[in-house]
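Following: one structure in structure tokens, then a few remarks.
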Amino acid sequence: MPGCASKVGALAYRFAWLALACCGAQCVFAAQCNVVRHPPPGDAERAFLAADYARAETLYRAGLAAHPADPSLAAGLVHALLHQEKLQEAADTMRALLASGSDSAAGSAALLTLRGELEMRAGEPWAAAESAEEAARLDPCNPRTELLVTQLLKLNSFYATAQRTLEEAHAIDPADPEIRAQWMMTLPLSRRIAEIEAYLAAPEGDDAEETRRLSQYLDRLKATAGGLPTDCRLVSDTTATEIPFINLMRDATHIAAFGLDVRLNERITRLEIDTGAGGLYVTAAVARRSGLKLLAAQQVGGVGDSGYRSGYTARADSVRIGNLEFHNCAVHVVDTRDMPGDVEGLIGADVFAPFLVTLDYPMRRLVLRQLPQRPGHKDAAGLNTDGAGDLYDRYIAPEMKEYTPVYRSGPYLMLPTRLKAGEAGTAKMGLFVIDTGSWATTISPEAARQVTRVREESSMSVEGMNGSVEKVYAVDDITFGFAQLRQKMPQVAAFDTSRVSKSAGMEISGFLGASTLGQLTIHLDYRDGLVKFDFERGRGYHD
């Protein structure tokens, strides 16, 4: 297989074997697999498909009591528990199932795949990769294993290999709802619309929030198909720029955040730079004065306890940032008069995915440069305001060999972070989002409790897109270690991250915010899932 060795070398993860197996037009290990034939659904499965997860749990438990070695019943029970956010019960159930074992290689592979799915949800993709590799060696024809590997490959920016793996999974089991849901997102626009409509026409086990998000996405697709493109193409000759940060003030003397002056249809808007957000977000007032064109209704989620905010997706005919101009760009409009910190909106750094993004906080500037060209490819420049990706695998250019690979899920760039309290404490690993929009580095209470004590704190506050967080806790004397950097913090705010975790599909242990990132020069390659942090003491502005 010519060309495969370099791919495996770049992958450098436990599932490197898959890059070899899927280097051709089809995944070699799945070429001889039979199509799965499902029996008619039983009572437990019908309850699950109808999103009655509590009843499904009861029925699956009863079924497992009678047939303890049935992997399909085991999977149904664990999935029902996960949909109810019973993560600890799901983990305990998984341990008991693995201890009981299976009487076949296929059954053992199914249980190992299920363990990998749980490890993914728990925010441990490194462990999930080991489970997926072990499962695939036992049964190379398990479509759920291929689905898990697809998710791992996408998480590591191996989009082309993930696409081929997903196609194999769908060929083996086109009726699996989760496989079908991911597969239909890869189809051409007209087919995708038809497949999503068919998917939504019958219950497939999605909860109300998942169904709402998919319905809103369908509305946006129909608007795009109706003649309002959102390709956000570059129309200026310049392909690089440097833009000074704008100070967004909390009051007359204190800076709350840094932002950019962005022209939406020639009207200047000040947007906060937020690596924890995806796309462009503006208030309804900004949308009206800028003359943005309505595409589809939308609800906006994020940090905070006020529930989802109403809004809509719109299109800007022109977006100018520095000396770069783009046409036909999607913008998310939030139906609120003010955003946290009284900013007019947010600009997620992921919108610059076609560029190498440098957030130079010491010098307070944004630098955009062209990414190294992939061998044999000509990359088009544009803003990624609509969450679109490409179908290439991660490429680490020679000049970027010092960069650190990170996990990417949608707009989130996530770093495995080592947590430790005190000098003699036990260290634990967790996934942290790189989030310049967060006022400080924060942690979830669950992650903090693994290494130290958590106490209630009434003087600390956390505010996000969805309002203020009601319950905020405090953690003392904790050290964060990530990408060859360490930072010891005397006090850290802790709050529930479950809403963000559900959106990402895995447990998020916290956010690396301004108290950490504001001292660094951050280089971000969203295309390939790479980051580099530079720290030089004494460089830059001093307040």
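The values are calculated or read from the model by the stated rules, or taken from the named source; none is laboratory data. Predicted model only: the values in this text are computed from it and were never measured. Cβ coordinates were reconstructed from backbone atoms using ideal geometry, including for glycine residues, and neighbour counts include every protein chain displayed. Accessible surface areas use protein heavy atoms only, side chains included; no ligands, DNA or RNA. Shrake-Rupley method; radii C 1.70, N 1.55, O 1.52, S 1.80 Å.
Matching residues to (1) closer than 27 Å to residue 104 by Cβ; (2) out of contact with any Pro (no Cβ under 9 Å at 6 or more places or on another chain); (3) hydroxyl-bearing (Ser, Thr, Tyr):
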{"position": "129", "(1), (2), (3)": "yes, yes, no"}
{"position": "171", "(1), (2), (3)": "yes, no, no"}
{"position": "176", "(1), (2), (3)": "yes, no, no"}
{"position": "184", "(1), (2), (3)": "no, yes, no"}
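So is residue 167 open to solvent by 10 Å² or more (accessible area, probe 1.4 Å), acidic (Asp, Glu) and part of a helix (DSSP H, G or I) or not? Yes: the conditions hold for residue 167. Pairs linking a residue in segment 274-294 that is in contact (Cβ under 8 Å) with a residue 24 or more places away in the chain and at positive phi to a residue that is part of a loop (DSSP other than H, G, I, E, B) and surrounded by fewer than 20 Cβ atoms within 10 Å (Cβ to Cβ), with Cβ atoms under 8 Å and 6 or more positions apart or on different chains, are 279/387; 291/265.
If I filter segment 91-118 down to residues being more than 17 Å from residue 61 (Cβ to Cβ) and of a type in the set (Ser, Thr, Tyr), which single residue comes out as surrounded by the fewest Cβ atoms within 10 Å (Cβ to Cβ)? Residue satisfying both the conditions and the ranking: 104. Examine segment 242-252 for a residue that is open to solvent by 30 Å² or more (accessible area, probe 1.4 Å), part of a loop (DSSP other than H, G, I, E, B), within 30 Å of residue 500 (Cα to Cα) and modelled with pLDDT under 90, and state whether such a residue exists. For segment 242-252, residues open to solvent by 30 Å² or more (accessible area, probe 1.4 Å), part of a loop (DSSP other than H, G, I, E, B), within 30 Å of residue 500 (Cα to Cα) and modelled with pLDDT under 90: present.
Identify all residues within segment 404-414 that are buried (at least 22 other Cβ atoms within 10 Å of the Cβ) and in a strand (DSSP E or B); write none if there are none. Scanning segment 404-414 gives 407, 408, 412, 413, 414. Can we say residue 294 is more than 20 Å from residue 511 (Cβ to Cβ) and surrounded by 24 or more Cβ atoms within 10 Å (Cβ to Cβ)? No, not satisfied.
Selection of segment 247-262 for residues being over 15 Å from residue 366 (Cβ atoms) and not acidic (Asp, Glu) yields 249, 250, 252, 253, 254, 255, 256. Restricted to segment 173-207, and to residues there that are in a helix (DSSP H, G or I), under 20 Å from the mean Cα position of the chain (by Cα) and not polar (S, T, N, Q), the residue that is surrounded by the most Cβ atoms within 10 Å (Cβ to Cβ) is 179. Within segment 36-92, if we keep just the residues that are of a type in the set (Ser, Thr, Tyr) and at pLDDT 95 or above, the residue that is farthest from residue 117 (Cα to Cα) turns out to be 58.
Considering only residues that are in contact with a helix residue (DSSP H, G or I) (Cβ under 6 Å, 6 or more places away or on another chain) and under 30 Å from residue 118 (Cβ atoms), which ones fall in segment 484-509?
Result: 494, 506, 507, 508, 509.
Filter segment 423-436 down to the residues that are more than 12 Å from residue 450 (Cα to Cα) and either part of a strand (DSSP E or B) or open to solvent by 30 Å² or more (accessible area, probe 1.4 Å) (or both) and list them by number. Answer for segment 423-436, where residues must be more than 12 Å from residue 450 (Cα to Cα) and either part of a strand (DSSP E or B) or open to solvent by 30 Å² or more (accessible area, probe 1.4 Å) (or both): 423, 424, 431, 432, 433, 434. Contact map, segment 225-240: first residue more than 11 Å from residue 330 (Cα to Cα) and open to solvent by 50 Å² or more (accessible area, probe 1.4 Å), second residue among the β-branched types (Val, Ile, Thr) and not in a strand (DSSP E or B), Cβ cut-off under 8 Å, separation 6 or more or different chains; pairs are 225/193. Tell me, which residue of segment 473-500 that is under 24 Å from the mean Cα position of the chain (by Cα) and β-branched (Val, Ile, Thr) is modelled with the lowest pLDDT? Among residues in segment 473-500 that are under 24 Å from the mean Cα position of the chain (by Cα) and β-branched (Val, Ile, Thr), the one modelled with the lowest pLDDT is 500. Within segment 265-299, restricting attention to residues that are over 25 Å from residue 522 (Cβ atoms), in a strand (DSSP E or B) and of a type in the set (A, V, I, L, M), the residue that is modelled with the lowest pLDDT is 297.
Note on segment 393-445: residues that are free of Cβ contacts under 8 Å to residues at least 40 places away in the same chain and of a type in the set (Lys, Arg) amount to 2. When residue 337 is tested against (1) in a strand (DSSP E or B); (2) at pLDDT below 95; (3) open to solvent by 10 Å² or more (accessible area, probe 1.4 Å), exactly one condition is not met: (1).
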